[in-house]
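Input: a single structure, listed below in structure tokens.
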Amino acid sequence: MVVLPDIKQRGGGLGSDAESRLDEGQGLARAIGIEVVDAFILPIRAVRPATLFGEGQVDRIAVACNMADAELVIVDGSLSAIQQRNLEEKLKRKVIDRTGLILEIFGERAATAEGRLQVELAHLDYQAGRLVRSWTHLERQRGGFGFLGGPGETQIEADRRQIRGRMARLRKELEQVRRTRGLHRERRQRAPWPVIALVGYTNAGKSTLFNRLTGADVMAEDLLFATLDPTMRAIRLPGVEKAILSDTVGFISDLPTQLIAAFRATLEEVTAADVIVHVRDVSNPATADQKAEVEQILADLEVFGEGGSKIPIIEAWNKWDLLSEDEQAMRGDLISAQIAEVPVVPISALTGAGVNALLERLGQMLTGGAHTLEFTVPLSDGQRHAWLHAHGDILDETQVEAENGEPAMRITVRLTQRELGRFTAL
């Protein structure tokens, strides 16, 4: 049973987005194999500290659960530990909130050692605030005689201490992962290849596009959070011999803060990119809200500054083939109107339509700042010769004599500022 609380206090509320948010909640449940037997929206005019919902609404949920024989109630919002416990007592069923559900999905999908570490840390952070005093009869006596004994350490305190200890160990391991990732990023920056990061709302089609561009077999299904661990592959672009394409975890509204903190090492791959491709599902009615959520998380990662994005961004409007001809014409006018601000390319990652145009645009973005330069390179310096041929656009080569009398080549080549920096560092 999926229940969406629509809190209307102080003029708030989900408004027209309520139905799409309810569909998303059901999608999250189905993502880990939960069968959704019923789903509905409950408007809340005054939040009850004990149960979130009013008494009549709790009774309605209980009746709906009995009629549909539901074993689990998913509240697509945030519940405090007390609200969760009280609802379980009244409904006589397991109750989880949106954060708990997303953590369950991540726990099931984490495939690598790093992913499992991140998910476990997020789980423990979530559970630490939800230990309820249920074991007061298990108080442990600690030393002393007579009045000096005291009740000692309660079970809940022991549990919290164990959780804090485990979280400290996980943070140390993740810090090591973060340092390792940093070293890998430094190595890639020293290498001559630009990095392109795919970002977007979950289920926008990032992994399908990644597979289309690289020929990889990354899991790409019609599921929320099909991909958790970042994957990188080499691709070729017009004018760029080799680039690194990175697929990242999908974003979602109200992404738990515990997950953002735990997955920061993974998300930081985006901050090291040369270009960000924001993959959007334009067939989704909530595509504008999804864009706002993605940009908010990018802002949290400090990709956006006061003057806008620090990294060039291009939007890939995916699932274009699912739009009607009228919708395509209308959105085509929008693309023409905003193309000067953010480049937009309509594509279908599933059929491949528009993908070549996207590659062309990426090649232009990566080589757009190229300048024509001239170098005199000794013939004996094979490394620099090979590098210029591999990463620059050679315009002319003439054999000359160097200042020291050695035979050399005068090479006229087009290089970007970044490539020039890498060449001079050789």
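Share of carbon and sulfur in the accessible area of region 1-52 stands at 47%, probe radius 1.4 Å.
Each residue was assigned an accessible area with a 1.4 Å probe, and for Val277 the value is about 0 Å².
In terms of overall dimensions, region 1-43 has a Cα radius of gyration and Dmax of 11.3, 37 angstrom. In this view, the solvent-accessible surface of Ile96, computed with a 1.4 Å probe and all protein chains in place, comes to about 30 Å².
Once both labels are positioned 7 Å from their Cα atoms along Cα-to-Cβ, the gap between Asn356 and Thr412 label points is 3.1 nm. Between the beta carbons of Ala50 and Glu88, assuming R0 = 22 Å, the FRET efficiency works out to 0.95 to the nearest 0.05.
Cross-link partners of Lys242 among aspartates and glutamates, defined as those whose alpha carbon lies under 19 angstrom from its own and excluding same-chain residues fewer than eight positions apart: Glu186, Glu269, Asp274, Glu360, Asp393, Glu419.
The values are calculated or read from the model by the stated rules, or taken from the named source; none is laboratory data. As the structure is a computational prediction, the values presented were derived from the model and not from experiment. Ideal geometry is used to build each Cβ from the backbone, glycine not excepted, and the neighbour counts take in all protein chains shown. Side chains are part of the model used for accessible areas, which takes the heavy atoms of the whole protein and leaves out ligands, DNA and RNA. Shrake-Rupley method; radii C 1.70, N 1.55, O 1.52, S 1.80 Å.
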